[in-house]
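Here the structure is laid out as structure tokens; the discussion comes afterwards.
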Amino acid sequence: MILDDQVEKFYTLLGYDGRKGVDDLRRFFPHDYDLNEIGHDTMMDFIADNPTLHGALLTGIAIGQQVAASIRPVLLNAKFSENIGRFAQQKLGHFKQEQLCVALLDAQLNVIGWETVFIGSLTSVQASPREIFQRVLIANALGFMIIHNHPSGNVMPSDTDIAFSQRLNQLGDQMAVPMFDSFVVTYDSYWSLSENAQLKCPA
């Protein structure tokens, strides 16, 4: 059992007989789900058996439960390009260097993460698809959008911008991690490649 292995490791790291620690735990909590339904009396009896180690174990389990239950906050909904475009303007439009960010999306197209992936020169960033997809997969996001700024004030995407966005779009389709849009922003405007039918490679 995976939980028993982790409990054994826990006690062993603290200099205690790991196998005995598992046996002690299972006397009070024979099933894994019992640890989600701990009664006060059972908890106190278990801790009394070895206050320092058993108390530390239950504290660790409680911390793990809180971490498992935590979710990323929703920054905004990205169903409409204007929402993400205006948000991106506020985030990136004033920067003097090009920056590339990735917006991480859940199944409702809520933005649950906004991460700066690359910072470049006055005119360009050197972006890697690998780094972008790593961020998306680590966050367990359904999909993503990429956003970068043009400090020049020219909101039109370059040929390089379009080619890179199309490459990411193709890779996302292959990996079942869709890229929903690619934005260029300036201090006073934004451009959606999806809205302007520039994400799909020419046939």
Fill in the blank from the handout: Contact list, first residue from segment 170-186 and of a type in the set (D, E, K, R), second anywhere and part of a helix (DSSP H, G or I), beta-carbon distance below 8 Å, six or more apart or interchain, is 181/81; 181/84
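Taking the stated definitions as given, is residue 192 closer than 30 Å to residue 71 by Cβ and either among the β-branched types (Val, Ile, Thr) or open to solvent by less than 30 Å² (accessible area, probe 1.4 Å) (or both)?
Values: closer than 30 Å to residue 71 by Cβ: yes; either among the β-branched types (Val, Ile, Thr) or open to solvent by less than 30 Å² (accessible area, probe 1.4 Å) (or both): yes.
When the stated conditions are applied, residue 192 passes them.
Identify, from the list 103, 48, the residue that is modelled with pLDDT of 90 or more and either of a type in the set (Asp, Glu) or under 19 Å from residue 7 (Cβ atoms) (or both). Spell out how you get there, then give the answer.
Working: 103 fails: either of a type in the set (Asp, Glu) or under 19 Å from residue 7 (Cβ atoms) (or both).
Going through 103, 48 in turn, just one is modelled with pLDDT of 90 or more and either of a type in the set (Asp, Glu) or under 19 Å from residue 7 (Cβ atoms) (or both): 48.
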Fill in the blank from the handout: Taking segment 87-118 and the residues there that are in a helix (DSSP H, G or I) and under 11 Å from residue 184 (Cα atoms), the one that is nearest to the chain's Cα centre (by Cα) would be 88
Exercise for the section: Return the residue satisfying two criteria in turn: it lies in segment 61-86 and is among the β-branched types (Val, Ile, Thr) and not in a helix (DSSP H, G or I), and of such residues it is modelled with the highest pLDDT. Expected result: 74
Problem - Test result for residue 104, open to solvent by less than 40 Å² (accessible area, probe 1.4 Å) and within 19 Å of residue 195 (Cβ to Cβ) - result: no
Practice task
Would you confirm whether any residue within segment 23-37 is buried (at least 16 other Cβ atoms within 10 Å of the Cβ), assigned to a helix (DSSP H, G or I), touching a residue at least 24 places away in the same chain (Cβ under 8 Å) and charged (D, E, K, R)?
Solution key: yes
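If I filter segment 1-10 down to residues being closer than 17 Å to residue 62 by Cβ and not polar (S, T, N, Q), which single residue comes out as surrounded by the most Cβ atoms within 10 Å (Cβ to Cβ)?
Initial filter on segment 1-10 (closer than 17 Å to residue 62 by Cβ): 3, 6-7, 10.
From the residues that got through so far, the ones that are not polar (S, T, N, Q) too are 3, 7, 10.
Working: 3: 15, 7: 23, 10: 19.
Going through the qualifying residues, I end up with 7.
Is it the case that segment 157-165 has a residue that's open to solvent by 40 Å² or more (accessible area, probe 1.4 Å) and small (Gly, Ala, Ser)? Before you say what the answer is, go through the steps one by one.
Going residue by residue through segment 157-165, those that are open to solvent by 40 Å² or more (accessible area, probe 1.4 Å) are 158-160, 163-164.
Right, trim to small (Gly, Ala, Ser) and you get 158, 163.
Checked segment 157-165: at least one residue is open to solvent by 40 Å² or more (accessible area, probe 1.4 Å) and small (Gly, Ala, Ser).
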Exercise for the section: Starting from segment 58-82, take each residue that is under 24 Å from residue 111 (Cβ atoms) and list its partners that are surrounded by 14 or more Cβ atoms within 10 Å (Cβ to Cβ) and among the aromatic types (Phe, Trp, Tyr), counting only C-beta distances under 9 angstrom and pairs at least six apart or across chains. Expected result: 75/87; 75/114; 76/87; 78/87; 78/180; 81/183; 81/190; 82/190
Fill in the blank from the handout: Note on residue 201: of the conditions (1) assigned to a helix (DSSP H, G or I); (2) open to solvent by 40 Å² or more (accessible area, probe 1.4 Å), unmet is (1)
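Scan segment 1-22 residue by residue and report those that are part of a helix (DSSP H, G or I) and hydroxyl-bearing (Ser, Thr, Tyr).
Scanning segment 1-22 gives 11, 12.
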Fill in the blank from the handout: Note on segment 39-93: residues open to solvent by less than 30 Å² (accessible area, probe 1.4 Å) and hydroxyl-bearing (Ser, Thr, Tyr) are 81
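The values are calculated or read from the model by the stated rules, or taken from the named source; none is laboratory data. Model, not experiment: these values are computed from the prediction. Reconstructed Cβ throughout: ideal geometry from the backbone, glycine too, with neighbour counts over all protein chains shown. For the accessible areas, the whole protein counts, side chains as well, though only heavy atoms, and no ligand, DNA or RNA atoms are used. Shrake-Rupley method; radii C 1.70, N 1.55, O 1.52, S 1.80 Å.
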